[in-house]
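These notes concern the structure reproduced below.
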Amino acid sequence: MSTPTAGPLAVRRRGAGDPLVLLHPLALSGELWTPLAEALSDEFQVFALDLRGHGDSAWDGKPFRIEDLADDVARALDELDLPSASLLGLSMGGSVAVNFAGRFPERVRSLVLADTTAWYGEDAVAAWAERAEKAVTVPRAKQVPFQLDRWFSPEFRERHPEEADRVVKIFLRTNSEAHAAASIAMGAMDSRPLLPAVTASTLVLVGRYDYATPPSMARTLADGIPDAELEILPDLRHLSLVESPLLAGRVRQHLRRVTETR
């Protein structure tokens, strides 16, 4: 049974055309997607959700699961009067998208999964419990070096400090308790049994140097989802779609398949 959100979900809208829902990583928000949403809004109506407890979305302070976040996406689609949409998820957002696409396959037109996983492994519960503890006990500013190293390559941080800083500011505004609760949800997640139920055309992207959700996890997704494509992206780390704006073209190409086959 889904846990209530105790309030509405915030959604940023941009553009017109076929609906595309963007789901953000842990401890960030839909604001992350501003550049990508701008790039795709000439062809798609883009909806960037703030997941439960993140950004401007409500949270009642109770524990939740990845399934609950997927149910929140279903509720958001209902409130937007969208029977179906394409989904793009990065990191935690990708894990939510996997769960949603496996449980509500008829509602997903096309799927892009970037730097994400359906399961974090045998030690996930303990590892993510430790992450959750740090989320609430370590000052947020002191968590930034750990996050930056996972998110972006050193070369990107040197060339584009303003973009790295934009993402850091979103992280600093995130509720630490919600960050911790989402970490526990990630540790408990195992959506692997849902992979064969995904029917949407699926593109799996992963940075070659993503050590948060490495290429081996992406391969498991691509092997488990029928007819999924896998692309390993040279030189990129965990936030591949932020570090490489040119990937918007690859995303567009994949999403167009839905409109071209209708």
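If P245 satisfies every condition in (1) over 19 Å from L22 (Cα atoms); (2) surrounded by fewer than 22 Cβ atoms within 10 Å (Cβ to Cβ) but one, which is the exception?
The one condition P245 does not meet is (1).
What is the number of the single condition among (1) within 25 Å of D210 (Cα to Cα); (2) among the aromatic types (F, W, Y); (3) over 14 Å from the mean Cα position of the chain (by Cα) that W33 does not meet?
Condition (3) is where W33 drops out.
How about region 1-97: which strands (runs of 3 or more DSSP E) wholly inside it have at least 1 residues that are without any contact (Cβ under 8 Å) to a residue 24 or more places away in the chain, among the small types (G, A, S) and crowded, with 17+ Cβ neighbours inside 10 Å?
none
Show me the helices (runs of 4 or more DSSP H) entirely contained within region 158-262 in which 1 or more residues are of a type in the set (S, T, Y) and modelled with pLDDT of 95 or more.
Filter on region 158-262 gives 176-188, 215-224, 240-243.
Quick check on region 189-200. Is at least one of its residues over 16 Å from V98 (Cβ atoms) and not hydroxyl-bearing (S, T, Y)?
For region 189-200, residues over 16 Å from V98 (Cβ atoms) and not hydroxyl-bearing (S, T, Y): absent.
With the checklist (1) free of Cβ contacts under 8 Å to residues at least 60 places away in the same chain; (2) of a type in the set (D, E); (3) over 21 Å from A181 (Cβ atoms); (4) surrounded by 20 or more Cβ atoms within 10 Å (Cβ to Cβ) in hand, flag the one item D115 doesn't pass.
So the condition that D115 fails would be (1).
Can you name the residue in region 130-148 that is surrounded by 15 or more Cβ atoms within 10 Å (Cβ to Cβ) and of a type in the set (D, E, K, R) and is also nearest to R208 (Cα to Cα) among such residues?
R131
Looking only at region 232-241, which residues are touching a strand residue (DSSP E or B) at 6+ places or on another chain (Cβ under 8 Å) and either surrounded by 14 or more Cβ atoms within 10 Å (Cβ to Cβ) or on the phi < 0 side of the Ramachandran plot (or both)?
I232, L233, L236, R237, H238, L239, S240, L241
For region 180-193, check the following and say yes or no: at least one residue is surrounded by fewer than 19 Cβ atoms within 10 Å (Cβ to Cβ), among the hydroxyl-bearing types (S, T, Y) and in contact with a helix residue (DSSP H, G or I) (Cβ under 6 Å, 6 or more places away or on another chain).
No, the conditions are met nowhere in region 180-193.
Within region 158-204, can you find the residues that are β-branched (V, I, T) and either in contact (Cβ under 8 Å) with a residue 40 or more places away in the chain or farther than 23 Å from P35 by Cβ (or both)?
Result: V167, I170, T174, I184, V198, T199, T202, V204.
The values are calculated or read from the model by the stated rules, or taken from the named source; none is laboratory data. Computed from a prediction, not measured in an experiment: that's the story for all the values here. Cβ coordinates were reconstructed from backbone atoms using ideal geometry, including for glycine residues, and neighbour counts include every protein chain displayed.
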